[in-house]
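The values are calculated or read from the model by the stated rules, or taken from the named source; none is laboratory data. Keep in mind it's a predicted model, so treat the numbers as computed, not measured. Quick reminder, even Gly has a Cβ in these numbers, built from the backbone with ideal geometry, and neighbours come from all protein chains shown. The area values use the complete protein model at the heavy-atom level, side chains included, leaving out ligands, DNA and RNA. Shrake-Rupley method; radii C 1.70, N 1.55, O 1.52, S 1.80 Å.
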Amino acid sequence: MNETTRALDPEAAPAPESPLALPIPAPGAMDGWLQHYETVVGPDTLRALEALAKRLKGHRIVMVNTTKTGGGVAEILHRLVVILNELGVPTTWEVMEGDDRFFGVTKKIHNALHGHVAPLTEEDRKVYDERTRIEAGKLALDGDLVLIHDPQPAALIGLRRRPGQRWVWRCHIDLSNRDPDTWEFLRPHVGGYDASIFSAIEFVPPLPIPTYLVPPSIDPFSAKNSEMEPEEVAAILDRYDLPQRGPWVTQISRFDRIKDPIGVIEAFRMIRARRKARLLLAGGGASDDPEGAEVLAEVRQRAEKSRDVTVLELPPGSDLEINALQRASTVVMQKSLREGFALTVSEALWKRRAVVASAVGGIPLQVLHERTGLLSRSIEGAAFQTIRLLDNAELRRELGHEGRAHVRDNFLHTREVRDYLAVFTSLLE
Amino acid sequence: MNPGAPFHFSTVAHLEYPAGPVATDFDTLREGIATVPVESLFYHTTRIAVRHPRAQDLPANDFARWVGTALQDAETAERLAFAGAQPVLPLEELRASLLRILDDVGHRKEPEPASEAAAFHFVTARSVKVPLDLEATDPELICEAWPYVDHGAAFYHLIEARVFGPASDDLIEWLKANGGRRMAEVAEDVLGGGMPLQRLQREIGGRWRRALIPSRLVRGTEASETERRAHARAVVARFAGRLRKVPERQTP
C-alpha cells in the first residue's frame with residue numbers, strides 16, 4: 001500500500017517508502033454528518049471544504065432566523081450549522097422569537113416583498129420595531145460574523161452590532177417584484193450590513209453594499225431525502241389511505257397562496273379530463289405563517305368538487321412521509337406564482353422524479369427546461385407538460401437522471417457551505 | 001515560472017456577484033458584453049464547466065442559451081455557443097468574437113425584447129484560493145495526485161490560472177518547465193475538446209498514466225525485487241480499495 005492509498009484508509013498501517021509516494025491529505029474529522037457526503041461528492045470535495053475552513057480558524061459565526069421548524073431556511077440551518085462545526089468553524093444558531101402580532105406583520109412584509117401589496121400601517125411598523133427591541137436582548141450574538149436570515153430579524157443590526165463584527169443579511173426571498181413602500185421600510189436596516197447574500201441574481205434589488213449569490217441547498221441524507229425501500233413507501237401510502245396505484249401527480253408545499261394550490265387543482269382538472277391520474281396536495285404550515293389555515297380550508301373546499309384529488313395536512317416533522325410521497329409520484333409539480341428558491345424542486349430532482357414547475361424565482365436554476373425537467377408559465381402549460389410526462393416513461397427517466405446529477409453538483413449542502421466559507425473568508429480576512 | 005520549484009495544488013471557491021448590466025434584447029446584450037469586465041465573460045462562458053462538472057455533455061454558454069430561449073434566435077444562439085466553447089481563449093478575443101456575432105444580428109429582423117422576468121443579468125465571479133497541502137516535485141507525482149484533487153482545483157490549475165494567472169499555478173506551464181512536456185501536450189489536447197470537468201479530469205488522468213508507462217517500466221527493471229513486490233502490493237491494494245468502495249458519483 002503506498003502513501004496515497006494509506007492516507008485514504010485511516011486504519012491502515014504505515015506504508016514503506018516508495019519512490020512514487022505522495023502523501024494525499026485524507027479528509028479530517030469525518031465521523032459526523034459530513035462523512036456521509038463522501039459517497040456522494042467524493043473525498044476530494046471534502047478535502048477542499050476542509051482547506052477552506054482552515055482559513056477561518058479562530059473565527060466564530062452566528063446564524064439568526066425566526067423559526068426552528070417549518071420552511072426551507074430552518075431546514076437548511078439544522079444541517080449547515082452541524083457541518084460548519086464539523087469543519088472546525090464554530091457556529092451557533094439563534095432563533096429570534098415573536099408573538100402572533102409580530103409574525104402577522106412579518107408575513108405582511110414577506111408577501112409585500114413577493115409583490116402582493118398589503119401596505120404596512122404605522123401600527124405594523126411599531127410592532128416590528130418594538131418586538132425586535134424586546135427580543136434583541138435575549139440573543140447571544142457574540143460571533144465575529146453574524147448572518148441574519150430574511151427580513152424578520154433584519155433590524156437587529158441597529159441594536160446589537162458590536163465594533164469589529166461583520167454582519168451579513170441573507171435574503172431567501174425573490175425581491176424582483178417587491179412593494180416599494182415595504183422595501184423602503186427595510187432598506188435602511190439592510191444598508192447597514194457589510195454584505196448581503198441572495199439566492200439568485202434576479203432577486204437582487206439595488207443596494208449600497210456588496211452582494212453575493214449563494215443558492216440554497218438540500219441534505220441528501222436527511223429523513224426527507226435519504227433512500228427508501230419500496231416497502232417503506234408503500235407502508236406510508238397505506239397509512240394515509242392513499243391507493244398504491246397512480247399515477248400520482250403531487251405538489252408538496254406549504255399551504256400558501258404564492259404556491260398556487262388552487263391553480264394546481266385547476267391544472268389537474270384539465271389533466272384528468274384527458275388522462276387517468278390522481279392528484280395529491282400535501283403540506284403543512286410554518287410557525288411564522290398565520291395564513292396557512294385559511295388557505296388550507298380554501299383548498300379543501302375546492303378539492304371536494306374535484307375527482308381523484310387528495311389534500312393532506314402534514315404536521316411539522318413529517319419528513320419521512322414527504323420523502324415517501326415524492327418517491328411515489330410519477331410527476332412532481334411546483335406551480336408557484338412566486339418563489340424564494342423552491343427547494344422542494346431539488347428534493348424531487350434528487351429522487352430522480354420528473355418535475356413540472358413554474359418558471360419563477362429560483363426554479364429555472366434547478367429545472368433546466370427539457371434537460372432536468374419541464375417549465376411552464378400557465379395552468380394550461382402545467383397541464384400540457386404533465387400529460388407529456390405521464391405518457392412518456394423514457395422522458396421521465398432521462399430528465400430524472402440529469403436532474404439528480406444537476407442537484408449533486410449545485411444544490412447539496414456541501415456546495416452551499418463552500419460558498420458560505422468563501423463569503424466568510426472574504427469578509428473576515 | 002521557476003523550473004525545479006514544486007507545484008502546489010490549490011482549490012478555489014467562487015464568489016459570485018452581480019456585474020451590473022441587464023439585457024432584454026440584442027442591443028443591451030451587446031452593450032453588456034462590450035462593457036463588463038472579462039471576469040464576467042469568463043463566468044458566462046468558461047465557468048459553465050464548474051456549474052455542470054458531471055453533466056453528460058456541457059450545455060451551451062449562458063449567452064447562447066439566453067438568445068436561444070428568451071430571444072428565440074436559434075442561428076445567433078448556435079454561433080454564440082461555438083464562439084464561447086474555447087476554454088483558454090484570451091478573453092478580449094472572446095469578447096471581440098461575441099460582439100462580431102451580435103453585430104451581424106443588426107442586419108436581420110430584430111426580435112421582440114424579452115420580458116423583464118426573462119432578462120439576462122450579467123454575473124461575475126472571483127476566486128477564493130486555498131492551498132490543498134498537496135505538492136508535487138515531478139510530473140509523475142502530479143499524475144499520482146491528480147485523481148485526488150477536486151473539480152474546482154482541476155478547473156483552477158488547467159483553465160483559470162492559465163487565463164488569469166498567476167503563472168506559478170498554471171499546471172500546463174509547470175509541466176513544460178519540469179520535464180513533463182508530453183503530459184502538458186496531453187492536457188492541452190484534451191482541454192480543446194470542451195468536455196465536462198469530470199470526464200476531462202479522468203481523460204487527462206488516464207492519458208497521463210499511459211504516457212508514463214515507458215518510464216515506469218524502465219524504472220521497474222532497475223528496481224530491486226523488494227521494491228517491485230512492494231509496488232505490486234500497492235497496486236493490488238488500490239484496486240481492492242476501489243472494489244470495496246465505489247463512490248456513487250461514478251454511477252450517476
message: Given the criteria more than 23 Å from A:K259 (Cβ to Cβ), assigned to a loop (DSSP other than H, G, I, E, B) and either within 14 Å of chain B (Cβ to nearest Cβ) or touching a helix residue (DSSP H, G or I) at 6+ places or on another chain (Cβ under 9 Å) (or both), does A:P215 qualify?
response: no
- prompt: List, please: which pairs have Cβ atoms under 9 Å, are six or more places apart or on different chains, and start with a residue in the range A:186-202 that is farther than 19 Å from A:E339 by Cα and end with one that is among the polar types (S, T, N, Q) and open to solvent by 20 Å² or more (accessible area, probe 1.4 Å)?
  reply: A:A195/A:S426
Meets criteria (open to solvent by less than 10 Å² (accessible area, probe 1.4 Å) and in a helix (DSSP H, G or I)) for A:T182: yes
message: So for the range B:151-164 (the condition being more than 14 Å from chain A (Cβ to nearest Cβ), buried (at least 22 other Cβ atoms within 10 Å of the Cβ) and in contact with a strand residue (DSSP E or B) (Cβ under 8 Å, 6 or more places away or on another chain)), does at least one residue qualify?
response: yes
message: Among the residues of the range A:196-204, are any part of a loop (DSSP other than H, G, I, E, B), of a type in the set (V, I, T) and open to solvent by 10 Å² or more (accessible area, probe 1.4 Å)?
response: yes
field: Selected residue (only one of A:L120, A:L156, A:L139, A:L147 is farther than 13 Å from A:Y193 by Cα, touching a Phe, Trp or Tyr at 6+ places or on another chain (Cβ under 9 Å) and surrounded by 14 or more Cβ atoms within 10 Å (Cβ to Cβ))
entry: A:L120
statement: The residue from B:R199, B:R242, B:R233, B:R216 that alone is more than 8 Å from every other protein chain (Cβ to nearest Cβ), out of contact with any strand residue (DSSP E or B) (no Cβ under 7 Å at 6 or more places or on another chain), modelled with pLDDT of 80 or more and open to solvent by 60 Å² or more (accessible area, probe 1.4 Å) is B:R199
message: Here are the criteria: (1) more than 23 Å from B:S40 (Cα to Cα); (2) within 14 Å of chain A (Cβ to nearest Cβ). Tell me which single one B:P111 does not satisfy.
response: (2)
All helices (runs of 4 or more DSSP H) inside the range B:81-197 with 1 or more residues being among the aliphatic types (A, V, I, L, M) and in contact with a Gly (Cβ under 8 Å, 6 or more places away or on another chain): B:91-105, B:139-145
field: Only listed residue being of a type outside the set (F, W, Y), within 29 Å of A:R404 (Cβ to Cβ) and touching a helix residue (DSSP H, G or I) at 6+ places or on another chain (Cβ under 8 Å), chosen from A:A195, A:A200
entry: A:A200
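Residue by residue, here is whether (1) aliphatic (A, V, I, L, M); (2) closer than 27 Å to A:G362 by Cβ holds:
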site	(1), (2)
B:L71	yes, yes
B:L80	yes, yes
B:A83	yes, no
B:P87	no, no
B:L91	yes, no
B:S97	no, no
B:L102	yes, no
B:V105	yes, no
B:H121	no, yes
- request: Being open to solvent by less than 60 Å² (accessible area, probe 1.4 Å) and within 29 Å of B:A187 (Cα to Cα) is the filter here, so list the residues in the range B:219-230 that pass it.
  value: B:G220
Helices (runs of 4 or more DSSP H) wholly inside the range A:319-410 containing at least 3 residues that are surrounded by fewer than 24 Cβ atoms within 10 Å (Cβ to Cβ) and over 20 Å from the mean Cα position of the chain (by Cα): A:379-391, A:393-410
- prompt: Is it the case that some residue within the range A:163-174 is open to solvent by 10 Å² or more (accessible area, probe 1.4 Å) and out of contact with any Asp or Glu (no Cβ under 9 Å at 6 or more places or on another chain)?
  reply: yes
- line: Picked from the range A:174-207 (must be within 13 Å of chain B (Cβ to nearest Cβ) and among the aromatic types (F, W, Y)), the residue farthest from B:D62 (Cα to Cα) is A:F198
Close pairs from the range A:395-411: first more than 10 Å from every other protein chain (Cβ to nearest Cβ), partner open to solvent by 10 Å² or more (accessible area, probe 1.4 Å) and not charged (D, E, K, R), Cβ under 8 Å, at least 6 apart: A:R396/A:T330; A:F411/A:P215; A:F411/A:L343
- request: Would you check which residues across the range A:53-76 are open to solvent by 20 Å² or more (accessible area, probe 1.4 Å) and more than 9 Å from chain B (Cβ to nearest Cβ) and list them?
  value: A:K57, A:G58, A:H59, A:R60, A:K68, A:T69, A:G70, A:G71, A:G72, A:V73, A:E75
- prompt: Of the numbered conditions (1) open to solvent by 30 Å² or more (accessible area, probe 1.4 Å); (2) modelled with pLDDT of 90 or more; (3) more than 13 Å from chain B (Cβ to nearest Cβ), A:E50 satisfies every one except a single condition; which is it?
  reply: (3)
task: Please give the number of the condition B:L102 fails out of (1) in the same structural domain as B:T45 (by TED's automatic domain parsing); (2) under 22 Å from A:R418 (Cα atoms).
output: (2)
